[in-house]
1. Based on this model, can you work out whether residue 32 counts as without any contact (Cβ under 8 Å) to a residue 12 or more places away in the chain and surrounded by 14 or more Cβ atoms within 10 Å (Cβ to Cβ)?
């Protein structure tokens, strides 16, 4: 059974723009901290160049593996240039 009172957490107060457009970097970090998530795998659709307005770049820089998807050929070419070399398990 769910508790009758669940405190509200206003995630907007945790906004932090490292790479994201609207502070998603800080919100993602707070959610992962609350849920005790330290590692995982991300997927980002519309990845652009993998840096500009990215919701996943901060995860990449913190060692997370993931999949970046970009349909626009020019943006995809930019993505390939900026993407870090893949790390494969030994």
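1. So residue 32 passes the test.
Here's the yes/no breakdown for (1) over 17 Å from residue 17 (Cα atoms); (2) touching a helix residue (DSSP H, G or I) at 6+ places or on another chain (Cβ under 8 Å); (3) surrounded by fewer than 10 Cβ atoms within 10 Å (Cβ to Cβ); (4) modelled with pLDDT of 95 or more:
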residue: 55; (1), (2), (3), (4): no, yes, no, no
residue: 60; (1), (2), (3), (4): no, no, no, no
residue: 64; (1), (2), (3), (4): yes, no, no, no
residue: 68; (1), (2), (3), (4): yes, yes, no, no
residue: 78; (1), (2), (3), (4): yes, no, no, no
residue: 84; (1), (2), (3), (4): yes, yes, yes, no
residue: 90; (1), (2), (3), (4): yes, no, yes, no
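The values are calculated or read from the model by the stated rules, or taken from the named source; none is laboratory data. None of the values given here were measured: they were computed from a predicted structure. Virtual Cβ from ideal backbone geometry, glycine too; neighbours counted across all protein chains shown.
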